[in-house]
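A.B. asks: Provided herewith is a single structure, encoded as structure tokens, for subsequent inquiry.
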Amino acid sequence: MAAAGRARLHAERCPFFSRVTSAARHWGERAFKLEAPQKAGGTLRDHLLAAQRSGAAVPELDLPPPPPELHFALPAFRDLCNRRPFSQGVPLPLPATEILAWSQLTGQRMTQRDFTLVTVLDHAWLKAIRSEEPH
């Protein structure tokens, strides 16, 4: 069963975990959208900060801190992003084998919950980056 399928099955059995993954997904989509490259260059965050400096109200920059459940998964995800595969310049999802290798090589024990949260963040990052890619 694929990681996403296992996560969905686990979430159905555990409402708390479903809330955690939903909060992680929602936070990740908002946070990673700010990192998305823009057609005019720079990131969305860069453009919004420039608008804010010129006096505009920019509520998109009022991002809450990450949910506490991401205390391990978010730094792990950030580190794993440096090992992300690409195909013809397009970022691909982090393979489970890369996540496992990272865990073994860094000595960071990753629980099934942490693994699922890393994959949730990865999906949110890919969604944000792909939806905002400059054309």
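A.B. asks: Calculate the dipole size of the chain relative to its Cα centre from +1 charges on Lys and Arg beta carbons and -1 charges on Asp and Glu beta carbons; express the result in debye to the nearest 20.
C.D. replies: It works out to roughly 240 debye.
A.B. asks: In addition: Take the Cβ-Cβ distance between ARG78 and ALA40 as r, set R0 to 35 Å, and report the resulting FRET efficiency rounded to the nearest 0.05. Each step should come with its number before you reach the end.
C.D. replies: Values: r = 26 Å, r/R0 = 0.73.
After rounding, the FRET efficiency stands at 0.85.
A.B. asks: Only helical DSSP H runs with n ≥ 4 go in: add -39500 (n - 2.57) per run for the chain, normalise by residue count and round the 222 nm mean residue ellipticity to 500 deg cm²/dmol.
C.D. replies: One gets -19000 deg cm²/dmol as the mean residue ellipticity at 222 nm.
A.B. asks: Along the charge dipole of the chain, pointing to its positive end and built from +1/-1 on Cβ of Lys, Arg, Asp and Glu, which listed residue (PRO75, ALA96, PHE86) has its Cα farthest out?
C.D. replies: Of the candidates, ALA96 comes out farthest on the positive side.
A.B. asks: While we're looking at this one, here's another question. Expressed as a rounded percentage, what relative contact order does the chain have, with Cα pairs under 8 Å and six or more residues apart?
C.D. replies: Working: 117 pairs, mean separation 50.0, N = 135.
The normalised contact order for the chain reaches 37 percent.
A.B. asks: What list of ³J(HN,Hα) values in whole Hz, one per residue of segment 17-23 in order, does the Karplus curve 6.51 cos²θ - 1.76 cosθ + 1.60 (θ = phi - 60°) give from phi, with Gly and Pro shown as x?
C.D. replies: 5, 4, 5, 5, 5, 5, 5
A.B. asks: Between ALA96 and SER22, what is the FRET efficiency for a Förster distance of 30 Å, r being their Cβ-Cβ separation, to the nearest 0.05?
C.D. replies: Working: r = 22 Å, r/R0 = 0.72.
About 0.90, to the nearest 0.05.
A.B. asks: Can you list the HN-Hα couplings for segment 55-62, worked out from phi with the Karplus curve (6.51, -1.76, 1.60; θ = phi - 60°), rounded to whole Hz and with x for Gly and Pro?
C.D. replies: Here the 3J(HN,Hα) series is x, 6, 7, 10, x, 4, 7, 7 Hz.
A.B. asks: Taking the highest mean first, how do the peptides 112-122, 32-42, 16-26 order by number of other beta carbon atoms within 10 angstrom per residue?
C.D. replies: For the peptides 112-122, 32-42, 16-26, the packing ranking is 112-122, 16-26, 32-42.
A.B. asks: Test of understanding: what is the full-extension gain from THR111 to ARG30, defined as 0.36 nm times their sequence separation minus their Cα-Cα distance?
C.D. replies: Value of the extension gain: 26.7 nm.
A.B. asks: Any chance you could give the angle, 0 to 90 degrees and rounded to 10, that helix 3-13 forms with the longest Cα principal axis of the chain?
C.D. replies: 80 degrees
Where a number appears in this text, it was derived from the coordinates with a stated rule and is not lab data. This one's a predicted model, so the numbers in the text were calculated from it and none came from an experiment. Please note: Cβ atoms are built from the backbone with ideal geometry, for glycine as well, and neighbour counts cover all protein chains shown.
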